[in-house]
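Everything on this sheet refers to the single structure shown next.
Just so it is clear, none of the values below were taken in a lab; they were calculated from the coordinates. What you see is a predicted model; the values in this text were computed from it and never measured. No Cβ is skipped: glycine too gets one built from the backbone with ideal geometry, and neighbour counts run over all protein chains shown.
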Amino acid sequence: QVQLVESGGGLVQAGDSLRLSCAASGRSNYAMGWFRQAPGKEREFVAGISSRGGITIYADSVKGRFIISRDDAKNTVYLQMNRLKPEDTAVYYCAVATTALAPMTRASYSYWGQGTQVTVSS
């Protein structure tokens, strides 16, 4: 079983940047992803990265602003978030997929972290 711990969230102003980290208890040989959930909304896909890091995928709402990366030597996945907007406010979760390529569907992820809050003020 893999345990995931997110960190790096906080309160920022619109236009600022944040970098989220997700530390895994062991090496993941699968794709990993970031999701987010705003109050009263469904958890939605944000970004995913393949098992070897060569293929990334993003939700349209963050494309061009967010960058996902992984450092397997540190068992850590990152989400660099730039030009943040108030609508990016949510709890951000990282997760381990069941495949080598990152799917966009929540059901395709087997392990989840506890989440980290990101709040963007206008």
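The stretch between Ala38 and Ser61, if pulled fully straight at 0.36 nm per residue, gains 6.9 nm over its current Cα-Cα span. The percentage of C-alpha pairs in the chain whose separation is greater than 25 Å is 14%. Considering only alpha-carbon pairs that sit under 8 angstrom and 6 or more positions apart, the relative contact order computed for the chain is 36 percent. Label sites at Ser25 and Thr98, each approximated as a point 7 angstrom past Cα along Cα to Cβ, lie 2.0 nm apart. The modelled label-to-label distance for the pair Thr119/Asn82, using points 7 Å beyond Cα in the direction of Cβ, is 2.7 nm.
Here r is the Cβ-Cβ distance between Leu11 and Asp72 and R0 is 30 Å; the resulting FRET efficiency, rounded to 0.05, is 0.45.
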